[in-house]
Amino acid sequence: MEAKQQRLKELAKLFFKLGCVGFGGPAVHIAMMEEEVVRKRKWFSTAYFLDLVSATNLIPGPNSTEMTMHIGNERAGWKGLLIAGICFILPAVIITTVFAWAYQEYGKLPEVSPFLYGIKPAIIAVIVSMMISLGKKALKTVELGIIGLIAAALAIYGLNEIYILFGGGLAGILIHLIMSPRQSLNSIIPLALLQAGIWSSDKPDWKLFWIFLKIGAILYGSGYVLFAFLDTELVKTGLLSKQELIDAIAVGQFTPGPVFSSATFIGWQIAGLPGAIAATIGIFLPSFIFVSFLNPLIPKLRKSKIMSVFLDTVNVTSISIILAICVEMTQASITNWRTVSIAILGFAVTLKFKRLNSAFVVFGGALLGYLLWLI
């Protein structure tokens, strides 16, 4: 019992810290988690960590938040799942709530451009470094390398991430069957996701809850896809202005933790504190449910030869998609000698000092970006 309590404390401390320093979105969050739970604490092997990454990509919801839940569940059961998920989400929600209140009071956001100027290239450097490390473990065959290259190209082209993930996994299975035709197939029953309609209610906070619950239950891909859904559900229906949505996107980018915490900001603008609470619970609740059902299945999937091949391929495909996201981020964020210098320096520091917490690289990029902004 004492050992389990100690594990819960470790999980709470770790993920609250990551929730406070995790700037940059899902890719950098997962890179930081790999550094903490694989390299430093050795809670998991790299191979199993990659399986958890793949699992998060195969279900709807915020990927990095679901990773915290998987890790928590593995370490301390359902209590660990709840503690890890809540502790990772909480700092972002608190910070976003403060911004939401200030925005409603004063009508504008603080000036953070000088710091974002350096944070973005530093984040790209951290992600690329970590993905190179994971990629070395994931690339088990030449075929996987080819599938990974095709997946990266399709992601850069703009194909939906979930099509790439499942398509890559099926391609891996087909190649395996062609190369090993005599091996028997293990049957698998796919999980079906049922989309429920929004429950009607006159209260704006309950309406917000059902809107964000639906989005959290069906949204695949990175957190940035969230804003396309919000435009349809809230802006076009007149609940939110276009400017408020744009400002919500900005808040999601320059606050640490999950991008989905923008739901807190939006909920406050529509219905005050009750709206913020309703939107926050709605957007994250499906992830807790999905992970609690999926996590016990991962070892069973790995025991099946066919599904093991599927997971191996999805592992490579996931890394390819993250690297493709870095390409898009590079085009928008690394535009001159200053940002190039920050990216190169961050990459070199991450490779040279493998035990250095990547948060220091991100904060160093923010400081250097601020100083170079003044030049």
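The values are calculated or read from the model by the stated rules, or taken from the named source; none is laboratory data. Not measured: the values here are computed from a predicted model. Here the Cβ is made from the backbone with ideal geometry for all residues, glycine too, and neighbour counts use every protein chain on show. Only protein heavy atoms, including side chains, enter the accessible area calculation; ligands, DNA and RNA are left aside. Shrake-Rupley method; radii C 1.70, N 1.55, O 1.52, S 1.80 Å.
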Using protein chains only and a probe of 1.4 angstrom, how many square angstrom of TRP268 are accessible, to the nearest 10?
30 Å²
Have a look at GLN243, TYR103, THR280 and report the one farthest towards the positive end of the charge dipole of the chain, computed about the Cα centre with Cβ charges (Lys/Arg +1, Asp/Glu -1).
THR280
If I histogram all Cα-Cα distances within region 308-375 using bins 5 Å wide from 0, what percent of pairs lands in each bin?
3, 14, 18, 19, 18, 12, 7, 4, 2, 1, 0
Quick one: with all protein chains in place, what share of the accessible area of the chain is carbon or sulfur, to the nearest percent (1.4 Å probe)?
67 percent
Which order do peptides 139-151, 70-82 fall in by mean Cβ count within 10 Å, highest first?
70-82, 139-151
Under a Cβ-only charge scheme (Lys and Arg +1, Asp and Glu -1), can you give me the dipole magnitude of the chain about the Cα centre, in debye to the nearest 20?
1280 debye
For a protection proxy built on the mean count of beta-carbon atoms within 10 angstrom, sort 285-291, 125-131 highest first, please.
125-131, 285-291
Region 1-56 and region 84-108 have their Cα centres apart by a whole-number Å value of 23 Å
Please report the equivalent ellipsoid semi-axes of region 17-90, computed as sqrt(5 x eigenvalue) of the Cα gyration tensor, largest first, in whole Å.
15, 14, 14
Need one number for region 1-128: average projected area of the convex hull over its C-alpha atoms, nm².
9.1 nm²
Cα-based Rg / Dmax (Å) for the chain:
20.6, 69
What ranking of GLU105, GLU161, GLU66 comes out by heavy-atom accessible area, probe 1.4 Å, highest first?
GLU105, GLU161, GLU66
Going by accessible area, probe 1.4 Å, with all protein chains left in place, what is the ranking of ILE178, ILE344, ILE215, ILE156, largest first?
ILE178, ILE344, ILE156, ILE215
For the chain, which DSSP H helices look membrane-span-like by this rule: Cα extent along the axis of 30 Å or more and mean Kyte-Doolittle of at least -0.5?
63-106, 113-138, 262-294, 305-333
Using the heavy atoms of the protein chains alone and a 1.4 angstrom probe, what is the accessible area of region 1-160 per residue in square angstrom?
42 Å²
Take region 212-370, compute every pairwise Cα distance, and split them into 5 Å bins from 0; I just need the percent in each bin.
1, 7, 11, 15, 15, 14, 15, 13, 7, 2, 0
Bin width 5 Å, alpha-carbon pairs only: give the P(r) of region 138-182 as whole percents, running from 0 to the bin holding the largest distance.
5, 22, 28, 24, 14, 5, 2, 0
Which value, in debye to the nearest 20, gives the size of the charge dipole of region 8-54 about its Cα centre, when Lys and Arg are +1 and Asp and Glu are -1 at the Cβ?
240 debye
Pairs of alpha-carbon atoms within less than 8 angstrom and 6+ residues apart define the contacts here; what relative contact order does region 243-369 have, in percent?
10 percent
